[in-house]
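Laboratory data are not the source of any read-out in this text; all were calculated from the coordinates shown. All values derive from a computational prediction rather than experimental measurement. Here the Cβ positions follow ideal geometry from the backbone for every residue, glycine too, while neighbour counts run over all protein chains shown.
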Amino acid sequence: MSSAPVSASLKLFVFLCCWQLLLSPYAEAAVVLQYHHIDDHSPRSTSTSPALFRQHLEHIQQQGFKVVPLPQLVASLKAGEALPDRTLAITFDDGYLSVFTEAFPLLRERRWPFTVFVNTKPIDEGWNQFVSWDQLREMAKHGASIANHTVTHDHLVRRRPDESEEHWQDRVWQDVYQAEQRITQETGQAHRLLAYPYGEYDPELLQLLNGKRFTAFGQHSGALPSSAGWQSQQALPRFPMGGDYGTLDDFRLKVATLPLPLVGVSQYDIVRGKWRGEEHPLIHPNAEGELMAPRLRLTLADASVATRLTCFVSGQGKALMNRRETTVEVTSARPLSPGRQRFNCTAPAGKGRFYWFSRPFVSTDAEGNWLPE
Ligand SMILES: [Zn+2]
């Protein structure tokens, strides 16, 4: 048989397939939700009331989202597989007791998978606000993935006074590795999935975890880009749902978001005076003792998205934006306030949906000290 007809039909298939992808920006959208407490009486900023959580789940069900285990979602991303639109993963950080008492019964009813990122120290020490290993095993029997949130829940990016880089690396890796060991000993699971305590990371941490083949999530919002070369698999976004971030209106908008169609992101390196591809989330005072506003350069796949893009800086309102065709430079009018801050960028994507992208920053005060927490 001649190969010509095969080749022609293959060309037609590739043409139709890729054309379809171009026409359908929704073909590869996945969102990861991040909860802490599902409780009316815990600290508001990290809590979702059980009644509201139930409403979230009802919306997910009504809208036909496909709820998948986070390890499976990550494996698809790594394999470069196209994800069905409205793919969703549900995660809980810290392993609070209310995940077992409030969230688990509602999720089990629906046979939906979910992931609990645990700190192993409070569980090993039997702190009463936290789940036990028995409760985690019970949830695991019904589709829960148990993943890593370190042993201690430290600020991993904070070096100790006079600590060498080698010592820092060793200390941080032990915090991650020992949690992974405990999870495997107690549940038999080993996903190499980490949620950064406080969502804080820096380039050295991304590199360390990449070398150890860990995938890691922050707490900056946004839809997951599939196979995006510009985004580190150690700095993946999730939508925090605690406090005001999880109101039903916000929830409806956020679960339906799409990844901003980006070709590249670079950040201005103030010390070296040039644009660089990697993320630099930590803001320290410069040699003159000033805190400088971060600058990002987003290169979009489409100039029409660039014109529709709006960016906000936490605590400051609208960001300063400078657009040139497919490129948008984004900065803040003033230096960021000390603590965790975000640049959040959105653009209408049609049919009431939004593209969403965010970058997290952690700034010291003007003296170079971290905020006490
Ligand atoms: Zn946490």
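Rounded to the nearest whole Hz, the Karplus-based 3J(HN,Hα) values (6.51 cos²θ - 1.76 cosθ + 1.60, θ = phi - 60°) of the stretch 234-243 follow the sequence 9, 9, 7, x, 9, 9, x, 10, x, x, with x at glycine and proline.
Given +1 on the Cβ of Lys and Arg, -1 on the Cβ of Asp and Glu, and no further charges, what dipole in debye does the stretch 262-363 carry about its Cα centre, rounded to the nearest 20?
Values: 15 positive and 8 negative charges, 68 e Å.
The calculation lands at about 320 debye.
Karplus-derived 3J(HN,Hα) values for the stretch 325-341, using 6.51 cos²θ - 1.76 cosθ + 1.60 with θ = phi - 60°, are 6, 8, 10, 10, 9, 10, 8, 9, 5, 10, x, 5, 5, x, x, 8, 9 Hz; glycine and proline are entered as x. Each of F214, T247, A144 was placed along the dipole of the chain (beta-carbon charges, centred on the mean Cα), and the one lying farthest toward the positive end is T247. Using each residue's phi in the stretch 350-364, evaluate 6.51 cos²θ - 1.76 cosθ + 1.60 at θ = phi - 60° and report the 3J(HN,Hα) Karplus result to the nearest Hz, with x for Gly and Pro. Result, rounded to whole Hz: x, 6, x, 9, 10, 6, 9, 8, 9, 10, x, 9, 10, 10, 7. Ordering of 337-350, 141-154, 177-190 by packing is 141-154, 337-350, 177-190, highest average first (other Cβ atoms within 10 Å, averaged per residue). Charging the Cβ of each Asp and Glu at -1 and of each Lys and Arg at +1, and nothing else, the dipole of the stretch 25-256 about its Cα centre rounds to 720 debye. Taking a ≥ b ≥ c as the square roots of the eigenvalues of the Cα gyration tensor of the stretch 25-256, is the shape rounded (a/c under 1.5), prolate (a/b larger than b/c) or oblate? Taking the square roots of the gyration eigenvalues as a ≥ b ≥ c, the stretch 25-256 is oblate. If r is the Cβ-Cβ distance from L371 to K318 and R0 is 25 Å, what FRET efficiency results, to the nearest 0.05? Once rounded, the FRET efficiency stands at 0.50.
Of the residues G80, Q233, Q267, the one whose Cα sits farthest toward the positive end of the charge dipole of the chain, with +1 on the Cβ of Lys and Arg and -1 on the Cβ of Asp and Glu, is G80. Long hydrophobic helices in the chain: the complete DSSP H runs spanning 27 Å or more by Cα along their own axis with mean Kyte-Doolittle hydropathy of at least -0.5 are 4-23. Shape verdict for the stretch 157-258, please, from the Cα gyration tensor: rounded (a/c under 1.5), prolate (a/b greater than b/c) or oblate. Note, shape of the stretch 157-258 comes out prolate.
If Lys and Arg each add +1 and Asp and Glu each add -1, what is the summed charge of the other residues whose beta carbon sits under 13 Å from the beta carbon of E325?
Numbers: positive: R297, R323, R324; negative: D302, E329.
Spelling it out: positives minus negatives among the neighbours equals +1.
Under the criterion of Cα pairs below 8 Å and six or more residues apart, the relative contact order for the chain equals 14 percent. When shorter helices are ignored and each DSSP H run of at least 4 residues is given -39500 (n - 2.57), the per-residue value for the chain at 222 nm works out to -9000 deg cm²/dmol. Going from the residue with the fewest nearby Cβ atoms within 10 Å to the one with the most, K254, K78 rank K78, K254.
The amide H of Q129, built 1.01 Å from its N in the peptide plane, has no neighbour under 5 Å, considering only residues 5 or more places off or on other chains. For K254, a cut-off of 24 angstrom between C-alpha atoms picks up these lysines, skipping any fewer than 8 places away in its own chain: K66, K78, K318, K351. Separation of the stretch 117-134 from the stretch 189-252 is 22 Å, based on Cα centroids. Our estimate of slack between H167 and E204, defined as 0.36 nm per intervening residue step minus the Cα-Cα distance, is 12.0 nm. Between amide H atoms placed 1.01 Å from N, distances below 5 Å from A349 occur with F354, Y355, all of them 5 or more places distant or on a separate chain.
The distance between label points at R158 and W127 comes to 1.5 nm (points 7 Å beyond Cα on the Cα→Cβ vector). Taking the DSSP bridge list for the chain and keeping only pairs wholly inside it, about 55 percent are antiparallel. The stretch 89-112 to the stretch 357-373: how many Å between their Cα centroids? Here the two parts' Cα centres lie 31 Å apart. Look at the dipole of the stretch 262-363 built from charges on Cβ: of P348, C311, P281, the Cα furthest out on the positive end belongs to P348. Amide H contacts under 5 Å for R295: Y268, restricted to partners 5 or more places along the chain or on a different chain, H placed in the peptide plane at 1.01 Å from N.
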